[in-house]
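Trainee: Before anything else, here's the structure in question.
The values are calculated or read from the model by the stated rules, or taken from the named source; none is laboratory data. Just so you know, these numbers come straight off a predicted model, no measurement behind them. Cβ sites come from the backbone with ideal geometry, for glycine too, and all protein chains shown count toward neighbours.
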Amino acid sequence: MTLTERAAYLKGLADGLALDEAKPEAKLLKEVISIIEDLANDVTDMAEDIQEIGDYCEELDEDLGAVEEELYGDECDCCDDDCDCDCCDCDDEYEIECPACGALLALTEEDDPSDLVCPECGEHFDCECDGCCDCDCCDCEEE
């Protein structure tokens with residue numbers, strides 16, 4: 001039974017009691033039932049509004065998803081060492097081998113190629129490229 005149906009049932013019960021309208025208790029009971037009816041109607045209206053707003057939010061979410069897809073496209077999960085896609089910033093990272101221990105040092109364009117420190121052995125060294133790379137971290141050029 002819905003809230004409005006229960007309020008109507010209460011009103012029917014009160015009407016069936018054949019209360020004396022002159023008594024204050026009868027007036028009070030009728031007023032309480034009237035308020036219950038109003039509240040039940042308001043709650044029902046709000047529940048319908050909430051359902052409508054929920055449906056609208058779902059539509060907006062779907063539309064926003066379509067806009068994001070159009071703007072950003074598919075995000076790929078390719079960001080490995082051999083990535084050459086245009087979908088991410090993974091090509092802003094370069095690897096240089098430490099001349100002392102051979103460990104690979106990951107560099108970005110923000111790193112200073114003239115003062116590199118190996119994370120493995122702690123050796124300080126410069127980017128000693130002989131034109132064999134395309135790292136953009138130093139002034140070497142491909143030959």
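Trainee: Could you grab the pairs with beta carbons closer than 7 Å, sequence gap of 6+ or different chains, first residue in segment 13-35 and more than 22 Å from residue 3 (Cβ to Cβ), second one in a helix (DSSP H, G or I)?
Mentor: From residues that are more than 22 Å from residue 3 (Cβ to Cβ), the pairs are 19/26; 19/29; 20/26.
Trainee: Further, regarding this structure: Out of curiosity, is residue 91 in the same structural domain as residue 107 (by TED's automatic domain parsing), under 30 Å from the mean Cα position of the chain (by Cα) and either modelled with pLDDT under 95 or not in a helix (DSSP H, G or I) (or both)?
Mentor: yes
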